[in-house]
1. Which of (1) free of Cβ contacts under 8 Å to residues at least 40 places away in the same chain; (2) within 9 Å of ligand 2 (Cβ to nearest atom); (3) acidic (Asp, Glu) is the odd one out, the single condition residue 44 does not satisfy?
2. Any chance the stretch 124-146 includes a residue that's touching a Gly at 6+ places or on another chain (Cβ under 8 Å), assigned to a helix (DSSP H, G or I) and within 12 Å of ligand 1 (Cβ to nearest atom)?
3. Does the stretch 113-140 hold any residues that are acidic (Asp, Glu) and either under 17 Å from the mean Cα position of the chain (by Cα) or surrounded by 13 or more Cβ atoms within 10 Å (Cβ to Cβ) (or both), and which are they?
4. Given (1) within 16 Å of ligand 2 (Cβ to nearest atom); (2) part of a loop (DSSP other than H, G, I, E, B), where does residue 102 come up short, assuming only one miss?
5. What about residue 110, is it crowded, with 18+ Cβ neighbours inside 10 Å, free of Cβ contacts under 8 Å to residues at least 60 places away in the same chain and farther than 12 Å from residue 53 by Cα?
6. If we scan the stretch 68-83, do we find a residue that is within 19 Å of residue 142 (Cβ to Cβ), touching an Asp or Glu at 6+ places or on another chain (Cβ under 8 Å) and in contact (Cβ under 8 Å) with a residue 60 or more places away in the chain?
7. Restricting to the stretch 50-67, name every residue that is under 15 Å from residue 150 (Cα atoms) and free of Cβ contacts under 8 Å to residues at least 40 places away in the same chain.
Amino acid sequence: MPFEVFRDVAKPILAGFGITAKRLVQQVTEGKGVTVQYPEERREQFGRTRWRHVLTRYDSGLEKCIGCSLCAGACPAKCIYVEAAENTDEDRKSPGERYAARYEINMLRCIFCGYCQEACPTGAIVLRKDFELANYEREDFVYTKEMLLEPVRSL
Ligand code: SF4
Ligand code: SF4
């Protein structure tokens with residue numbers, strides 16, 4: 001009986017303490033900590049990380065999105081809504097004939113698969129590294145075009 005108690009109870013606990021001690025020694029001797037002092041410090045993210053969506057622009061300031069809805073068609077979670085409108089010479093938003101007058105993503109449904117980015121013919125919608133997506137109200141998770149569109153870069 002005492003052997004079973006040691007094997008089933010004490011041994012796993014000691015093994016757990018062993019891992020803690022090993023990490024402690026590593027942290028003290030090699031400065032190799034596993035704890036990141038978030039939000040002051042952030043872990044470097046992998047190059048192909050896919051988090052928050054951004055609607056990008058050309059260097060000229062024109063929107064890359066042409067309102068084709070291919071991203072919406074490719075989205076397995078059906079969380080993208082696009083409403084296109086015609087560009088005019090007086091009011092040109094994108095280089096193409098059309099632009100997205102309304103563009104919304106319901107982030108509560110998004111599974112961050114990146115299919116929208118893959119499907120987009122102009123590279124307009126991209127998933128970048130901003131992972132701080134928490135919010136309080138359900139409505140705040142529906143990202144509008146205004147929230148998604150990157151600001152015009154000053155040259
Ligand atoms: S990442 Fe995937 S689930 Fe999210 S909007 Fe794009 S296609 Fe849809
Ligand atoms: S983001 Fe790309 S795929 Fe989606 S509507 Fe705009 S141009 Fe088309």
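1. Among (1) free of Cβ contacts under 8 Å to residues at least 40 places away in the same chain; (2) within 9 Å of ligand 2 (Cβ to nearest atom); (3) acidic (Asp, Glu), residue 44 violates only (2).
2. Residues of the stretch 124-146 that are touching a Gly at 6+ places or on another chain (Cβ under 8 Å), as a first pass: 127.
Pick out the ones that are also assigned to a helix (DSSP H, G or I) and you get none.
No, the conditions are met nowhere in the stretch 124-146.
3. Passing the criteria: 118, 130, 132, 140.
4. Going through (1) within 16 Å of ligand 2 (Cβ to nearest atom); (2) part of a loop (DSSP other than H, G, I, E, B) one by one, residue 102 breaks only (2).
5. Criteria not met by residue 110.
6. Checked against the condition, which is being within 19 Å of residue 142 (Cβ to Cβ), touching an Asp or Glu at 6+ places or on another chain (Cβ under 8 Å) and in contact (Cβ under 8 Å) with a residue 60 or more places away in the chain, the stretch 68-83 yields no hits at all.
7. Within the stretch 50-67, 58, 60, 62 meet the criteria.
Taken together, the values in this text are just the output of simple stated rules run on the coordinates, not laboratory data. Predicted, not measured: the structure shown is a model, and the values here were computed from it. Don't worry about glycine lacking a Cβ; one is built from the backbone with ideal geometry, like all the others, and counts go over all protein chains shown.
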